[in-house]
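No value in this document is a laboratory result; all are computed from the given coordinates. Only a predicted model underlies this, so the values are computations on that prediction, with no experimental measurement involved. Glycine also receives a Cβ, built like all others from the backbone with ideal geometry; neighbour counts cover every protein chain displayed.
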Amino acid sequence: MTEKTSHISGEEADRNSGSAAERDAPVILSNEPGSFAWGVLAKRHPALIQQVRDAFPYDRRQHEALDALLEEITNGVVEPLAPSERAPGQWAVWGQEYFGRSWFDTPFLWAESYFYRRLLGAIEYFGTGPWQGSDPFAPFKQAELRSATVDEELRALDTLAAASADERATALLHASLWGNRADLGFRVTEGEAAPGDGAGGLVADDSAVLWELLPAGAGSVVAVVADNAGRELIPDLILIDHLLVHRHAERVVLHVKPYPYYVSDAMTADVVDCLRRFIQAPGEAGAIGGRLWEAMATGRLEVRTHPFFCAPLPYEEMPEDLREKFAAVTLTILKGDLNYRRLVGDRMWDATTPFADLTAYFPGAVAALRTLKSDVIAGLERETLAALERSGSAWRTGGTHALIQVRP
């Protein structure tokens, strides 16, 4: 398996060089002990290396590579991909100003992304041997998909089937939103704290605007950029089924990752696993699975991927071919925390900075459905921000709050 690369032209780089507001908002680093970003690099990544090591009978060479990666991220400096790595792609360019630094002194978004690329290299995912293409996170995703919790969530669809179309639309949109709390990578260190209680945990809610952009029967095409597999992807697929059945969309394009990323991020194989889980279930869940399977066969639901989805870059620097794909649809729905960070930029914005300003570059209408699990936030009303700050809770990072933001 070779790793594809995404090339960005000089013209695109000039166009996306950043505004004055961006220059004023500092890029998030991981070098402040006790900060959320510091905790990811100092605690979550070492814990994940151990979990991956324990999940597979890797050989001595892979164990030594994992040991070396652990030592590097905790005590060393960022090293480039080894010359023996196959198709290192753009990483030599993307990391040229960060190699030789402490991992903690590089941009948080870049460090997280490069960690997962290095982890795949350590277990020889991109090699030519027997571990080529073997997803190191598959056991975690499969265990979640087989859980009793998923059984309960699928059975609940039988009750929801009796609801009105409007009630069902609201419930499914919120299920897709809060499903992001099932992020396996987040749970490595954060535990299983429950999310906010439905709409009460929303810090911004543009859901009415979202539905206005997708009137029934208008022949809309919707792009959904997935985040996590398993318990998040299931409600995403249920929402997609609703869009198709009620003709809010004539066609949906589901974008997934080209290779394993951020522990639980969805790939094509994860979409298929979810569809099989639906089909094996009784009642409404089985019916949804059958409809989605047929939708894929007829082209009403299309799965795509692109190497840029595993790049350490904001969407403002997306390559032209991906820009054209998003420009061609009625609405792009970006799921999850990582997509949000890439959409608005992984910076410490003033939380009241208008969401529309930060996403003006995006080639078409865009919606963000995100459970808050990192410091980045924009588009809040001042009264909302003040109330959140008074609460004294870790509302930015604890997964207890969420948002639906739309830029038409």
Fully extended, how many nm does the chain gain between residue 59 and residue 328 (0.36 nm per residue separation, minus their Cα-Cα distance)? 92.2 nm
Choose one answer from 235, 83, 215: the residue with the largest mean-square fluctuation in a GNM of the chain with alpha-carbon springs under 10 Å. 83
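DSSP beta bridges in region 206-338, what fraction antiparallel, as a percent rounded to 5? Walk me through the numbers before you get to the answer.
Working: 1 of 15 bridges.
Restricted to region 206-338, the bridges split so that about 5 percent are antiparallel.
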In whole Hz and in residue order, list the ³J(HN,Hα) couplings for region 297-302 that follow from phi through the Karplus curve 6.51 cos²θ - 1.76 cosθ + 1.60, θ = phi - 60°; x for Gly and Pro. 5, 9, x, 6, 10, 10
Which order, highest average first, do 172-179, 245-252 follow once you tally other Cβ atoms within 10 Å for each residue and take the mean per peptide? 172-179, 245-252
Per-residue Cβ neighbour rank within 10 angstrom, fewest leading, 67, 206: 67, 206
Direction-averaged shadow area of the convex hull around the Cα atoms of region 10-136, nm²? 9.2
Once amide H atoms are placed 1.01 Å from N in the peptide plane, what residues at a sequence separation of 5 or more from residue 106, or on another chain, have their amide H within under 5 Å of its amide H? 30
Please list, in chain and number order, the residues 5+ apart from residue 265 or on another chain whose amide H is under 5 Å from its amide H, with Hs placed from the backbone. 229
All lysines inside 18 Å of residue 373 as judged from Cα atoms, apart from same-chain residues fewer than 8 positions distant: 43, 335
